[in-house]
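The values are calculated or read from the model by the stated rules, or taken from the named source; none is laboratory data. The structure presented is a predicted model; accordingly, all values stated were derived computationally and were not measured. As a convention, Cβ positions derive from the backbone with ideal geometry for all residues, glycine included, and neighbour counts pool all protein chains shown.
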Amino acid sequence: MQSIGERLEEARKRKGISLREAAEATKIRSDFLGYIEQNKMDFDLPEIYKRGFLKNYARYLKLDHDKIMTDYNAQQLSKSRLGKKGGSEWFGQMEVEKATGEESPDHSDSEEHPSYGRITAKPTRPDAAETNEDGDEADKTFYMKIGLVFVGTLALVFVVFGLIWAILGGSPDDTIESPELRDNTEITQPTNPTPSVVDSNSITLLANGGSVYVTVTQKNDGSRIYRGAIEVDSPLTLDKSGPVEIMFTRGEHLVIEAGDELFRPSASGAAKITIE
């Protein structure tokens, strides 16, 4: 009966694939693939990697990977049972040597204390403990890497949400002050249709040439009247009581109507102004 490695090697050669080509396709190092085909599964990697390599290689060669893994598990179980049967070797061996036939000079002592042989202990195998320690260290390193990736991803998510909150929920004090509004002589009539006439207790915000994101706050009590985007051809009329402060993102597109007058901020970009 063919071994697992022989089946894999035969399937690869039947397809005319070299070890280097198989390594490039499976992303598994060619020396590991060579070990697998030679049934040398004792290379220095955790067992979870060995099983993954074996399953991916069998799937790549179009073999029944479930059957391959079943045979591998049976093979490992057989090795484990053999290891238990020979367990006495791990704790040393005791050999009893027969007593020599030499007579003791004192026959009386020899009769009273007959020789029962000599017990010799052979040294144990230290390589087993070292192998287990290497496997434990590899597992710890693997789980530490997973933990670091998870923590890094979580931190990135918090940073992104923090930036979004800072952009959308920042206080008016963080906004850069803009220059004063232009004089009436510098004001140009917006190209969009003029909204309906409003009284002095109302203001109308228009977007000319592009949308503008604004926040309108009542100066006397700090209450927020409006917060959102002003779209082109969609003027917004707001009731106010006394002066209001308007923060905006794109001053070059903002037009403000208060009473019968039109105002346009003298600065482009993000800033804030006060309307009496």
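For the range 57-67, the set of residues classified as at negative phi and either surrounded by fewer than 15 Cβ atoms within 10 Å (Cβ to Cβ) or assigned to a loop (DSSP other than H, G, I, E, B) (or both) consists of R59, L61, L63, D64, D66, K67, listed by residue number. Taken over the range 202-255, residues that are in a strand (DSSP E or B) and free of Cβ contacts under 8 Å to residues at least 60 places away in the same chain amount to 28.
Restricting the range 253-276 to residues that are surrounded by 14 or more Cβ atoms within 10 Å (Cβ to Cβ) and not aliphatic (A, V, I, L, M) leaves a set whose member that is nearest to V216 (Cα to Cα) is K272. Selection of the range 1-24 for residues being under 26 Å from the mean Cα position of the chain (by Cα) and surrounded by fewer than 13 Cβ atoms within 10 Å (Cβ to Cβ) yields only E24. May I ask you to verify whether N192 is in contact with a helix residue (DSSP H, G or I) (Cβ under 9 Å, 6 or more places away or on another chain), over 18 Å from T274 (Cα atoms), surrounded by 15 or more Cβ atoms within 10 Å (Cβ to Cβ) and modelled with pLDDT under 90? No, not satisfied. Could you tell me whether F32 is buried (at least 17 other Cβ atoms within 10 Å of the Cβ), under 28 Å from E137 (Cβ atoms) and not assigned by TED's automatic domain parsing to the domain that holds T141? Yes, satisfied. Pairs linking a residue in the range 20-45 that is free of Cβ contacts under 8 Å to residues at least 24 places away in the same chain to a residue that is loosely packed, with under 13 Cβ neighbours inside 10 Å and outside any loop (DSSP other than H, G, I, E, B), with Cβ atoms under 7 Å and 6 or more positions apart or on different chains, are S30/R20.
Kindly provide the set of residues from the range 256-272 that are part of a strand (DSSP E or B) and within 15 Å of I203 (Cβ to Cβ), ordered by number.
Of everything in the range 256-272, those that are part of a strand (DSSP E or B) and within 15 Å of I203 (Cβ to Cβ) turn out to be I256, E257, A258, E261, L262, F263, K272.
The rows are residues; the columns are (1) surrounded by 12 or more Cβ atoms within 10 Å (Cβ to Cβ); (2) under 15 Å from N201 (Cα atoms); (3) β-branched (V, I, T).
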{"position": "S223", "(1), (2), (3)": "no, no, no"}
{"position": "R227", "(1), (2), (3)": "yes, no, no"}
{"position": "K240", "(1), (2), (3)": "yes, yes, no"}
{"position": "E245", "(1), (2), (3)": "yes, yes, no"}
{"position": "R250", "(1), (2), (3)": "yes, no, no"}
